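Encoded as structure tokens, the structure appears first; notes follow it.
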């Protein structure tokens, strides 16, 4: 931000630092350990009067000098060069805080050079004892150099108290100073032995060579004690997030964990072979190998240290991309470009979007990533759409805590997303196929208030419901709609009838062959553990069948496998079901009605996870999207789901992420499905309102479903009014899991910002599906409007499943949904496939589309006038809200007029970057999973 | 625009004069050592191509490289301390050629060793290595001059926006070549003096050779200094007028320093022609010191109102400075002690 960025996107600065630094430390540690090696070996030679050994020391000194003084010395300066080119801000911090430590180190460096020159050039031509004293001094200088540099390097990983005091002493003698010093001293001695082997193996005399190699093996192995002590202490002082990133979260660390671990084993195992007598050629090869392994070993260690430090270059002080922690707030407020001295432009607008994106990308991303090189940005982003990229930037550093956050304004974030997606990944905006939601005019069954004896009320228990039609890859929502019904015998005191009658259901024409449209049946056995005949759902029901008696004198048909794809090639996520009640004995038809079973495949995964729609550019989860999702899951959670699916074994998400609603399934340590989904995605979709929900759930305005049809929607309410903003919503779910000790809850919670509440403490945890917002939180005492509590359902959960809207009854046993309609489609609902499509029962029974019984229509059930609030408080009021549909006659039936029925033929224009969604899955899950896990013992 | 682009400096732990003085002192030492290796390499190559035997003093080149690098470290440190924001910026602008200094230096350094080990054994390899080393030394000098001039000219930094890939050099800078040649010719002069000094202490050398090499060294010094004076004047007048006028009466200190420098240079030429080694050993270091100080004053003049190291925020922290001073003194003593050990005679048994 303060400095120009050296832009070498294909190479990347980080790999240059790594290359120079690793080569340097390899030799620099040798320079320390080798010092002691030389002088101790010289002592040994003098003590034993062993001239051959003395000559070996002399030849090794020359080799040592050429390696350490030339390569070691210059590459050390090289580190200074490269770090100041790649991260000048951090270099400047180190230089200015530790200027006199560097200067002190230089004094040791001078001493080191002079001592080594004397030691080498005067090997045979000075007093032996004095020579050895110079040798000791060399070692002292070299080790003291390490002492100083060690303090500065470890300051970057654990600045400790310095962060608050800014005191030199605190920064230098930081928490990892001692562990690292011990560990590095151990490395130094090991390398002394390792490099000793090079000159040893050149010795021609077999016995002497064997003796030397044995001696060097001792040098390699003796420091293991130091390595172990230092290593253990080191791990102990690592900040907890650093340790998590190192060993759990950061996929980059996995590689280097392996490199370090494997090379440690190989180094010390292969080193032992030096005890055996081989021919010289074989030994030389092994020594060569050992050197390479040694380089891998130290490279692995240094990389791990660097990775542990991420996302910082100086822990909790400065991010890897040179942005100081304390500058973040200002940048987010004012904008990055405005604060970036070396940006060629200082604000982003519609015209310079891509240019601004490129600049910010160079400034904030290139310090670690390349385009086509190491840590390549392309494979890390090319599975994302532009919207997905934007989300990724929003959530950057929250779950992948090894990455810095994105710093800048919303517009700047969009600019970077646009640049990465369009310029780097070469994606173009692809206009989606135009989908026309054809208004359908269903025939409404007749009802004669004078003659009819029965009133049949039916509803789908979930108002916003999806199916995942990508079973080939994974699955979480099978086709499964559950329809309820209550049959009421009209009279002075109407009764809910549950015996002596039989209720049948039948889907409308066009939806009767679901097996032709989704791959559910092909994978049902693998995914759900249920062997199903085509067209048969998980509970054995087909799209046409008989309902079963259920609680509250109701009837139910569970898991009807209906899809939005019709046999005529059209898409309509609102199939109408005809429910008919018969006298069980006589078969006489008692009542008939129609209800809508929402079943959308407009799940917006593809909004972010590149891949488009599966079905005709209209809806469904495409293969590419599915694969992209699995690969993200594999990368972040160390799974192998993609390979599994590719080999024909797709999984059910809930086989690991159980659902609390069913009290079974899933793995104990794993988050429940709802917490995992919302908890993860909330980190990426924060700062939004209902549009965040619509990105996934089928409710995008102008989309193919617009599933929030309830009268609430007409008032402009969105999902967040009942469920809370995405972040708060997720937090409530996560907190529930966190309290049950699920380890990954914390990871998702730790950086999740809150919106409507101040702290996590204020969030009421909730179990998904069984604890939803209580309608009475706003409709206190059944008042129409909230009574001073504000329109905010968040945090006001029902205590348990029996109190849910869809499970509850009034004081007379009539279920809430019987009169008010499906959740999310509460009567006086509006449907894009025909305005009154969800209101067929109110229209059938009252001629208006409002709550059953509204506007003093008590006579739907009651044959006498009713003057009091019989079912719940506040039923009879001054102002009734309802809509009068325009009706016309059609073959003797009442039919909605086209104009009124259709919302003027809604048009939509999907683009790749437009928001869309997939919502229906929420409600369905409860029932579905309950049954699934109980009955079919899903994996 | 120019002011906006200059990065903000970090805080200082001790008064900036500490860094300033240490910068100048260590740079002076680095400069002298650099002169020895650059000039020495050129002499050796000259001899080599003239078919003369390689002189003894040439074999100290690798050792001198070691010390030159070593004494290059503190100036590199202190320039970052008080001019970091300028130095980092210019380095990044020319990152590629600048970073290449490192691998080239390693190559050149090894080249010098190959030259030492192969002289008399493999003439082509020895000479080839030295050619390579010398070219690399000249390259490094050119890069340093590029960087040192580019860091002074924030108004030229907009080249970054045309080319952020780090492959810029300060080509348009009028002082670039005069300055570079001034340094390189100076290297030849001082290396000549160094050669004389070397043989002065090498009393075991054949007296005739010793005498002729000493004379030759002083002569090179004298002639190179004549060229140096001319180059110095050119260099002076390629500076922006507001800066060179400081030396011509615009500023008392600047003027006095350049006057003394000029007079001493003339004196050095005369003493050189007279083969007066002892007086040259006094005059030359003074000239060098004056040149180093003037170089710094030019830097201050370039920054003018934009910046002085005094602008940096001071957060005093003298503990580490004390540590350095103590270690520095101890280091000096230990170096002295090691040199003493080096000269300690062998015991009878060892003989």
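Read the figures in this text as sums done on the coordinates, not as results from a lab. Remember, it's a predicted structure, so these values are computed and weren't measured experimentally. Neighbour counts are summed over all protein chains in view; Cβ atoms, including those assigned to glycine, are modelled from backbone coordinates with ideal geometry.
What's the angle, to the nearest 10 degrees (0 to 90), between helix B:252-273's Cα axis and the longest principal axis of chain B?
20 degrees
Summarise the partner chain shielding of B:102-111 as one whole number: the mean count of Cβ atoms from other chains within 10 Å of each residue's Cβ. Don't skip to the end; give the middle numbers.
Details: counts 10, 4, 1, 6, 7, 2, 2, 6, 4, 0.
Taking the mean over all residues of the peptide, I get 4.
Relative to a virtual label point 7 Å from the Cα of residue A:762 in the Cα→beta-carbon direction, which members of the stretch A:687-704 show backbone nitrogen distances below 20 Å?
A:687-690
Within the stretch B:167-195, name every residue whose backbone N is under 17 Å away from a label modeled 7 Å from Cα of residue B:248 along the Cβ vector.
B:175
Using just the helices of chain A, give the 222 nm mean residue ellipticity in deg cm²/dmol: DSSP H runs with n ≥ 4 each add -39,500 (n - 2.57), and the total is spread over all residues, rounded to 500. Write out the running numbers ahead of the final one.
Values: 34 runs with 405 residues, N = 939.
So the helix-based figure for chain A works out to -13500 deg cm²/dmol.
Please report the spacing between the Cα centers of the stretch B:1-47 and the stretch A:711-776 in Å, no decimals.
The stretch B:1-47 and the stretch A:711-776 have Cα centres spaced 61 Å from each other.
Against the longest principal axis of chain A, how steep is helix A:673-682, in degrees 0 to 90 to the nearest 10, with axes from Cα atoms?
Here the helix axis deviates by roughly 70 degrees.
In the stretch A:120-182, how does Rg compare with the Kirkwood Rh, expressed as the Rg/Rh ratio over alpha carbon atoms? Provide the component values of the computation, followed by the final result.
Details: Rg = 17.3 Å, Rh = 13.5 Å.
Result: Rg/Rh = 1.28.
Distance in nm between label sites at residue A:859 and residue B:325, each 7 Å beyond Cα in the beta-carbon direction?
With each label placed 7 Å out from Cα toward Cβ, I get 10.7 nm.
Would you mind getting me the FRET efficiency between residue B:255 and residue B:162? Use the beta-carbon distance for r and R0 = 35 Å, nearest 0.05.
Details: r = 39 Å, r/R0 = 1.12.
With a Förster radius of 35 Å, E is 0.35.
Return the whole-Å distance between the Cα centroid of the stretch B:159-178 and the Cα centroid of the stretch A:222-292.
45 Å
How compact is chain A by the rule of thumb for globular proteins, expressed as Cα Rg over 2.2 N^0.38 Å?
1.22
Please work out the FRET efficiency for the pair residue A:214 and residue A:262, using the Cβ-Cβ distance as r and a Förster radius of 30 Å; give the result to the nearest 0.05.
0.70
Within a 10 angstrom radius of the beta carbon, how do A:371, A:884 rank from fewest other beta carbons to most?
Working: A:371 19, A:884 12.
So the ranking, lowest neighbour count to highest, is A:884, A:371.
What does the average come to when, for each residue of peptide A:122-131, you count the partner chain Cβ atoms lying within 10 Å of its Cβ? Mind dumping the intermediate values first?
On the way: counts 4, 0, 2, 3, 7, 8, 5, 5, 10, 5.
Mean shielding by partner chains, rounded to a whole number: 5.
Of all the C-alpha pairs in the stretch A:661-705, what % are more than 16 Å from each other? Before the final figure, lay out each step's value.
Numbers: 503 of 990 pairs.
Everything past 16 Å amounts to 51 percent.
Please give, to one decimal in nm, the separation of the simple spin-label points placed at residue B:318 and residue A:552, each 7 Å out from Cα toward the Cβ.
8.3 nm
For each of A:526, A:204, count neighbouring Cβ atoms within 10 Å of the residue's Cβ, then give the residues from fewest to most.
On the way: A:526 17, A:204 7.
Lowest to highest Cβ neighbour count: A:204, A:526.
In nm, what is the difference between 0.36 nm times the number of residues separating residue A:222 and residue A:668 and their Cα-Cα distance?
Values: separation 446, 0.36 × 446 = 160.56 nm, distance 4.50 nm.
Extra length available between residue A:222 and residue A:668 comes to 156.1 nm.
What 222 nm value per residue comes from the helices of chain B, counting each DSSP H run with n ≥ 4 as -39,500 (n - 2.57) and dividing by all residues, nearest 500 deg cm²/dmol?
Numbers: 12 runs with 265 residues, N = 351.
Mean residue ellipticity at 222 nm (helix-derived): -26500 deg cm²/dmol.
Averaging sequence separations of C-alpha pairs under 8 Å and six or more residues apart, then dividing by the length of chain A, give the relative contact order as a whole percent.
Working: 1903 pairs, mean separation 116.6, N = 939.
Once divided by the residue count of chain A, the mean separation gives 12 percent.
For the pair residue B:155/residue A:178, report the inter-label distance in nm, with labels modelled 7 Å from Cα in the Cβ direction.
For the pair residue B:155/residue A:178, the computed spacing is 5.7 nm.
Want the number for residue A:232 to residue A:647: 0.36 nm per residue separation, take away the alpha-carbon distance, what's left?
145.2 nm
Which of the peptides B:166-173, B:208-215 is most tightly packed, and how do the rest follow, going by the mean number of other Cβ atoms within 10 Å of each residue?
The peptides rank, most packed first, as B:166-173, B:208-215.
What do you get for the angle between helix A:251-272 and the principal long axis of chain A? Use alpha-carbon atoms, 0 to 90 degrees, nearest ten.
Roughly 40 degrees between the two axes.
Take every residue in peptide B:336-346, count the Cβ atoms of other chains within 10 Å of its Cβ, and give the average of those counts. Before the final figure, lay out each step's value.
On the way: counts 0, 4, 12, 3, 1, 12, 13, 4, 8, 3, 8.
That works out to 6 on average.
Ranking request for peptides B:183-196, B:283-296, A:754-767: highest mean number of other beta-carbon atoms within 10 Å first, then the rest in descending order. Please report the intermediate quantities before stating the final value.
Working: B:183-196: 25.1, B:283-296: 18.1, A:754-767: 15.9.
With the highest mean Cβ count within 10 Å placed first, the list reads B:183-196, B:283-296, A:754-767.
Take each of the peptides A:670-683, B:258-271, A:394-407, average the number of other beta-carbon atoms within 10 Å over its residues, and list them starting from the highest.
Per-residue mean Cβ counts within 10 Å order the peptides as A:670-683, A:394-407, B:258-271.
Using 0.36 nm times the number of residues separating residue B:219 and residue B:346, minus their current alpha carbon distance, what extension gain do you get?
Details: separation 127, 0.36 × 127 = 45.72 nm, distance 3.94 nm.
So the extension gain works out to 41.8 nm.
List the equivalent ellipsoid semi-axes of the stretch A:1-151 in whole Å, largest first, each obtained as the square root of 5λ for an eigenvalue λ of the Cα gyration tensor. Walk me through the numbers before you get to the answer.
Values: eigenvalues 265, 51, 21 Å².
So the three semi-axes of the stretch A:1-151 are 36, 16, 10 Å.
Just to confirm my numbers, what's the Cα centroid distance between the stretch A:676-693 and the stretch A:172-191 in Å?
Using only Cα atoms to place each centre, the spacing works out to 44 Å.
With a 10 Å Cβ neighbour count serving as the proxy for reagent exposure, in which order, fewest first, do A:563, A:854, A:578, B:322 appear? It would help to have the intermediate numbers written out before the result.
Details: A:563 26, A:854 23, A:578 18, B:322 11.
Listing A:563, A:854, A:578, B:322 from fewest to most nearby Cβ atoms yields B:322, A:578, A:854, A:563.
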